[in-house]
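Trainee: Just passing along the structure, written as structure tokens.
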Amino acid sequence: MTPRRGGPDQGPRFTRVHIPAVFFWALVVLAALQLLSAARALTRALRAGPGARIDPWLTCADHVLSIPPLVALAMGEFGAAFYAMLPLGPLLTWSLVRGFRSPAA
């Protein structure tokens, strides 16, 4: 998958990759499971008490932001999957730092 140049004022364009049907449906099922996990995490985040609000919201955001890369990969759009994964970096970093700084760790 190498980028092609579209023209003098266009950036690189990635070609679409054919994904076998088995992997397509596996990724769609994983995206649906992530959606169900996000719904469960949202109810926990809404019920969280004043002292423990950040961690449930980070978990909910993690589940929600994991859905678009799975859908993009299922469609064979690796460029879109890459850009859909970008918001996950700061979110997972923030979760990791909070995990290290928590008194239970």
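The values are calculated or read from the model by the stated rules, or taken from the named source; none is laboratory data. Treat the numbers as computed from the prediction; the structure is a model and nothing was measured. FYI the Cβ positions are ideal-geometry reconstructions off the backbone, even for glycines, and counts take in every protein chain you see. For the accessible areas, the whole protein counts, side chains as well, though only heavy atoms, and no ligand, DNA or RNA atoms are used. Shrake-Rupley method; radii C 1.70, N 1.55, O 1.52, S 1.80 Å.
Trainee: State all residues of the stretch 1-38 that are modelled with pLDDT of 90 or more and among the charged types (D, E, K, R); if no residue qualifies, say none.
Mentor: None; the set is empty.
Trainee: In the stretch 76-97, which residues are open to solvent by less than 90 Å² (accessible area, probe 1.4 Å) and in contact (Cβ under 8 Å) with a residue 24 or more places away in the chain?
Mentor: Selection gives Gly76, Glu77, Phe78, Gly79, Leu88, Leu91, Leu92, Ser95.
Trainee: Could you look through the stretch 29-70, keep only residues that are among the small types (Gly, Ala, Ser), open to solvent by 30 Å² or more (accessible area, probe 1.4 Å) and free of Cβ contacts under 8 Å to residues at least 24 places away in the same chain, and pick out the one that is nearest to Leu96 (Cα to Cα)?
Mentor: The selected residue is Ala52.
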